[in-house]
Amino acid sequence: MSVNTSIKLVVTGDDFGYCPRRDVGIVECFNSGAITNVSLLVNGSTAACAANLAQRYNIPIGLHANLSEGIPVCKELRQNSTLINAQGVFLGKMGIRKALAQGLLSMSEVRQELSAQVKLFHELTGLNPQHMDGHQHVHVLPGIREEFVQVLSEQGIPYTRVPVEVGLSRCSWIKEELMDFYRSVEQDALNSVEIFRSHGIRWPDVYIGLSTMGENMTIKNIQHALDYSIQAFHNSLTQQSTLHNPTSHANIGIELMAHPGYPSVVSEGGCGQGPDDFSQSWERLHEMKILKDPLLHIYYRERDHSKSTPGNSERGEKECKGKRKDLQKTLDMLRGFCSLYF
């Protein structure tokens, strides 16, 4: 790699607004320099409180568009909609894919719900999303991606996520069933590239997050994923690549997707139907610990990954220690206050 190459690393904490415990963990991660920004679930049970936390701690925030879990934001779609089941909630990660394959989804309803989520994001934060991606990668699904990109264009949202992780097939530790899902996500994402590009939408040059999900998030796996992806990116500059944005050879943008936080408890959180197993899993705390590990931050500095937020992990860790009591008070407040929403 050229000595003049500048690497900008963005570490995104997904599912902000899902529950009080996840939110507090995510804020701790930001204050310790472990993540650089968040994606907000506006139909999450603590979305309004999470938006306040982002403002309070100056956390860059985007929209985690959700069409697969919980209750629609758009009130008109909470009854007699193709997006929901008999219980009035979204169809689920695999359910929406099945309904889409069977031609059962109304794309006008997809557009209506996505627009409603952008509107609510603005109401909660007073901002336009800095970026917009999809919960459970729904934004790259065929048919949905066309509606998604139209909403991005109409709302002036310039950045999204293209979940294609170079070298994923080399990751022998990923279980076969999960790998099959990841491959389908990557194929959908590749098929979305030209649609996004034709509307002027941009995304980081390198995406990482499938091979490092949950228990598979280790310092070693993050290092290998970053090193391999960066080398593959440089190799692609000499070839015809449809995936990458036009960019200077001296600059590489990388997104590491993460889902950190303190695990949800049964009685708190979710998007209108309680927290799922994913959010209650010990793996959320595991991710948080790995992302905050000083050894990972040493690797970032040695690899010259410039974080997209000011400061460094040492300063952030000191700030985090000083704010933990404040965050615990916030958690207590969230438990009592966020029941007023959704």
Notebook entry, point to check: What number goes with the only condition from (1) surrounded by 17 or more Cβ atoms within 10 Å (Cβ to Cβ); (2) out of contact with any Ser or Thr (no Cβ under 6 Å at 6 or more places or on another chain); (3) at pLDDT 95 or above that residue 222 does not pass?
Noted result: (2)
Notebook entry, point to check: If a residue has to be open to solvent by less than 30 Å² (accessible area, probe 1.4 Å) and more than 22 Å from residue 211 (Cα to Cα) to count, how many in region 269-306 make the cut?
Noted result: 5
Margin query: Consider region 147-164. How many of its residues are open to solvent by 30 Å² or more (accessible area, probe 1.4 Å) and under 16 Å from the mean Cα position of the chain (by Cα)?
Written below: 2
Next item on the list: Residues that are open to solvent by 20 Å² or more (accessible area, probe 1.4 Å): find the strands (runs of 3 or more DSSP E) completely inside region 1-109 holding 1 or more of those.
Entry: 6-16
Check: Which residues, taken from region 110-146, are out of contact with any Asp or Glu (no Cβ under 8 Å at 6 or more places or on another chain), surrounded by 21 or more Cβ atoms within 10 Å (Cβ to Cβ) and more than 16 Å from residue 17 (Cβ to Cβ)?
Finding: 113, 138, 144
Check: Are any of the residues in region 165-187 buried (at least 16 other Cβ atoms within 10 Å of the Cβ), among the hydroxyl-bearing types (Ser, Thr, Tyr) and over 16 Å from the mean Cα position of the chain (by Cα)?
Finding: no
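The values are calculated or read from the model by the stated rules, or taken from the named source; none is laboratory data. The structure displayed is predicted, hence computed values, not measured ones. Here the Cβ is made from the backbone with ideal geometry for all residues, glycine too, and neighbour counts use every protein chain on show. Heads up: the accessible areas ignore ligands, DNA and RNA and are worked out on the full protein's heavy atoms, side chains in. Shrake-Rupley method; radii C 1.70, N 1.55, O 1.52, S 1.80 Å.
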